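Visitor: I have a structure here, written as structure tokens, and I will follow up with some questions on it.
Every read-out reported here was derived from the displayed coordinates using simple, explicitly stated rules and does not represent laboratory data. Only a predicted model underlies this, so the values are computations on that prediction, with no experimental measurement involved. When we count neighbours, we look across all protein chains shown, and the Cβ atoms used for this are built from the backbone with ideal geometry, even at glycine.
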Amino acid sequence: MSRLTDLLAKAKAKDPQLGADLEREFKLLSSRLPFGLNFERHSPEAVELPLRPVRKGDKVRVLPERGSVKKGDQRLWQVKAIHKVAKIADLELLDAAEPLAQSVPLADLIVVAEFRDTIYPGLISTGKVSRGGDKPFHTVINGENYHVLKALTYTHRGKVDAIYIDPPYNSGAKDWKYNNDYVEGDDLYRHSKWLAMMERRLLVAKDLLNPADSVLIVTIDEKEYLRLGLLLEQVFPEGAVEMVTTVVNPRGRHRPGRFARSDEYIYFVLLGKASVGQEVDPDFGGGSRVPWRTLRRSDATSARGTPKGGPAQFYPIYVNKDGVIEEIGDALPHGVSRHSAPSRKGCTAVFPIRDNGLEMNWGLVASGLRNIHANGYVRVGRNTPDKPQEWEISYLTSGKIDDIESGRATVVGRESDGSVIAEYVGDKLKTPTSTWVRSSHNAETGGTLLLGELIPERRFPFPKSLYAVEDTLRFFVASKRNAIIVDFFSGSGTTAHAVMRLNRQDGGRRQCISVTNNEVAANEQKALREQGLRPGDPDWEKHGICDYITKPRVAAAITGKTPAGEPIKGDYKFTDEFPMADGFEENAEFFTLTYEAKSAVNHNLAYARIAPMLWLRAGSQGRRIDKLPPEGWAVADTYGLLTEVDQATPFIHAVSAANQLCIAYIVTDDDRRFQAIAKRLPDGVEPVRLYESYLSNFSFANGE
């Protein structure tokens, strides 16, 4: 709708009457709101590409002069010609009412990609850390997350077990950009821009998730949680959407005149057969006693004579002077006095009665209580002769009885009344509640302070607690030791770090794909611009979030050393305690997303740009084929590449001899030859066709 507003303004400028008529009709139509979540899509979204060389046909913006802190020209120009010797480009203004052209030095231009443009993505490796032997590599990708997600639809469509994201909260405090502009609190389209940004990415992320069994996890606060909940239900109508409240700042964040905010929210979208796992009950670990429940019902709505109370749960339990149950009597009908119950010599007839004299009901019918009493699952407690109910009676619920009879708990003795003394053999598991108040989830101690130990003197706003992310993921991937987890708002790299901890705890081989841009923090940009720096300059880019925070944090976690090479101080806490300086036996590789021109690169370079994506699709494990093989074929640890179909026979022999190989990439434009070769591959090897124009295999536009 913001686009329509702009067009109406242009119409008014050319023809005031026509513009007014159109605006009147527009207002009438816009007032007719359908049911559901309504927002403007603000298409097309655009992103600046500071590291991309300017080419003929590109869309560009003109940068402000070096040293200026003013906002640059936001209009889009198209490059009509490039004068290489003079290093100048001839530009023409796009979507202009009147033709407008200018010539600008190439150094003063920045390439812009709109989401409706055709993109030819590639990946360039910018480093790696290897301490994990043959384990799969975690990957960190520096790039616009929408475009990276689109590239991942080739490598990981339907393969992802969990997506965990912590998107911008849309606080109005310059915490995110839309079309290169920070979205501030007074922006009238603030919420719809946020929803448009999120919807585009969630729709692509949905293609990555395994529809049979996976989960999407999204953290948020009160500013957008209502809209996010509706958006998730629209994008994932087949999913089960749940929300958890989690305390991340027990002291609360001071807000004058308002409640001190201490909590946030976590949405879970469960797909297919995905379910919430259990966790260790801290109250009932190994060696702890199996708990008992009071037999007398507690709620007044279950009192004797009420509809909820029922007619069969008010009966005498005969307890002797030694506190032993000798008999369990029969139920008394409503209206019959308890004093009319038969007496038993030497025993007290115990009825369920509150201290105020209100007659209640027992929690079980008499026959059911007799059955479990025979096995020692009913216990007599304190003697209270001055109260209407003279003895306390307890019992084991069906769940606790099942713990004993299944071996999760064992009987270690008996009380004097014959009731069992039972202890848990191992940790007792429980289903987590929807409200989390856990010291390990404190964002200051588990997030900010921990990050400060990993990468000292480098600041990142509001990092999540490492242990909070770890616990959240554990509910869904604890039993999936080869799980693939994606975080496309990876920020400080907490998700990758949490996955490493999960792997250490059970010997897993899970891998995390972290996606972030290299945006410089808003409060640092002014100082850098005053120094004459611009996006794309090395001294600017080194302060970006990916290069300054994400990559160093992941590397530090694995190596156990800070960026300065010093051992990390402190210990990990909670589930798995050990020195942070020990690091992890994990592998990680860092990549930057590139934007290629289909006709501007040679054959070998085009392949080099897509080589990492072939490796990613095959599991991010082992050796990668980075160059076109001169023999016409090559075989790595998990995949093979056939570039000359005439060499199919030796290639198939090599593929058959490999143990872990799962994919065979066959380069040909001839469908018949591809099918013929695919039929000769051994069982379990997936044939994947690549067109000879390598970049065209991965191009996309308008979400396609």
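Visitor: So which lysines can Lys159 reach, going by Cα to Cα under 17 Å and dropping same-chain residues fewer than 8 places off?
Guide: List returned: Lys150, Lys206, Lys273, Lys480.
Visitor: Once Lys and Arg get +1 and Asp and Glu get -1 on their Cβ, which of Pro432, Leu681, Val515 lies farthest toward the positive end of the dipole of the chain?
Guide: Result: Pro432, furthest along the dipole toward the positive end.
Visitor: Counting pairwise Cα distances across the range 329-430, what percent come out greater than 24 angstrom?
Guide: 33 percent
Visitor: Mind checking which lysines have their Cα closer than 25 Å to the Cα of Lys321? Skip sequence neighbours fewer than 8 apart in that chain.
Guide: Reachable lysines: Lys345, Lys387.
Visitor: To the nearest 20 debye, what charge dipole does the chain have about its Cα centre, counting +1 at the Cβ of each Lys and Arg and -1 at the Cβ of each Asp and Glu?
Guide: My answer is approximately 460 debye.
Visitor: The range 125-172: which trypsin sites (Lys or Arg not before Pro) are DSSP loop and have at most 16 other beta-carbon atoms within 10 angstrom?
Guide: Counting only loop positions with at most 16 other Cβ atoms within 10 Å, the trypsin sites (Lys or Arg not before Pro) in the range 125-172 are Arg131, Arg157, Lys159.
Visitor: In the range 60-144, if the dipole is taken from +1 on Lys/Arg beta carbons and -1 on Asp/Glu beta carbons about the Cα centre, which of Gly133, Ser103, Phe115 is farthest to the positive end?
Guide: Gly133
Visitor: May I ask which residue of Leu271, Val204, Gly418 lies farthest towards the positive end of the charge dipole of the chain, with charges of +1 (Lys, Arg) and -1 (Asp, Glu) on Cβ and the Cα centre as origin?
Guide: Sorting the options by dipole projection puts first Gly418.
Visitor: Any idea what the alpha-carbon Rg over 2.2 N^0.38 Å comes to for the range 186-260?
Guide: Taking N as the residue count of the range 186-260, the ratio is 1.34.
Visitor: Run the simple label-point estimate for Thr433 and Leu94 please: 7 Å along Cα→C-beta, distance reported in nm.
Guide: My value for the distance between the label points is 5.3 nm.
Visitor: Okay, next question. Can you tell me what the convex hull of the Cα atoms of the chain projects to on average, as an area in nm²?
Guide: Answer in nm², one decimal: 43.7.
Visitor: Right, something else. Ordered by residue, what ³J(HN,Hα) values in Hz, to whole numbers, does the range 228-242 give under the Karplus form 6.51 cos²θ - 1.76 cosθ + 1.60, where θ = phi - 60° and Gly and Pro are x?
Guide: 4, x, 5, 4, 4, 5, 6, 6, 10, x, 8, x, 9, 9, 10
Visitor: Further question: I'd like the projected area of the range 211-364, averaged over all directions, using the convex hull of its alpha carbons. Report it in nm² with one decimal.
Guide: Average of the hull's projected areas for the range 211-364 equals 17.3 nm².
Visitor: Highest mean first, how do 208-216, 451-459 rank when packing is the count of other Cβ atoms within 10 Å averaged over residues?
Guide: Ranking the peptides 208-216, 451-459 by packing returns 208-216, 451-459.
Visitor: Still on this model: By DSSP, what percent of the beta bridges with both residues in the chain are antiparallel, rounded to the nearest 5?
Guide: 70 percent
Visitor: Return the distance in nm (one decimal) between the two label points of a simple spin-label model at Ala657 and Leu22, each offset 7 Å from Cα along Cα→Cβ.
Guide: The answer from the label model is 6.9 nm.
Visitor: Something else: Would you mind checking which residues have amide H under 5 Å from Ala409's amide H? H placed 1.01 Å from N; only 5 or more apart, or other chain.
Guide: It is Ile404, Val425, by chain and number.
Visitor: Which residues in the range 359-401 have a backbone N closer than 17 Å to a point placed 7 Å from the Cα of His339 along the Cα-to-Cβ line?
Guide: Counting backbone N atoms under 17 Å from the label point, the list is 359, 387-390.
Visitor: Follow-up question, since we're still on this one. Just check the range 237-285 against the gyration tensor rule for me: Cα atoms, a ≥ b ≥ c as the square roots of the eigenvalues, rounded for a/c under 1.5, and otherwise prolate or oblate depending on whether a/b exceeds b/c.
Guide: oblate
Visitor: On to the next question. Which FRET efficiency value, to the nearest 0.05, do you get for Ala300 and Glu238 by plugging their Cβ-Cβ distance into 1/(1 + (r/R0)^6) with R0 = 45 Å?
Guide: With a Förster radius of 45 Å, E is 0.60.
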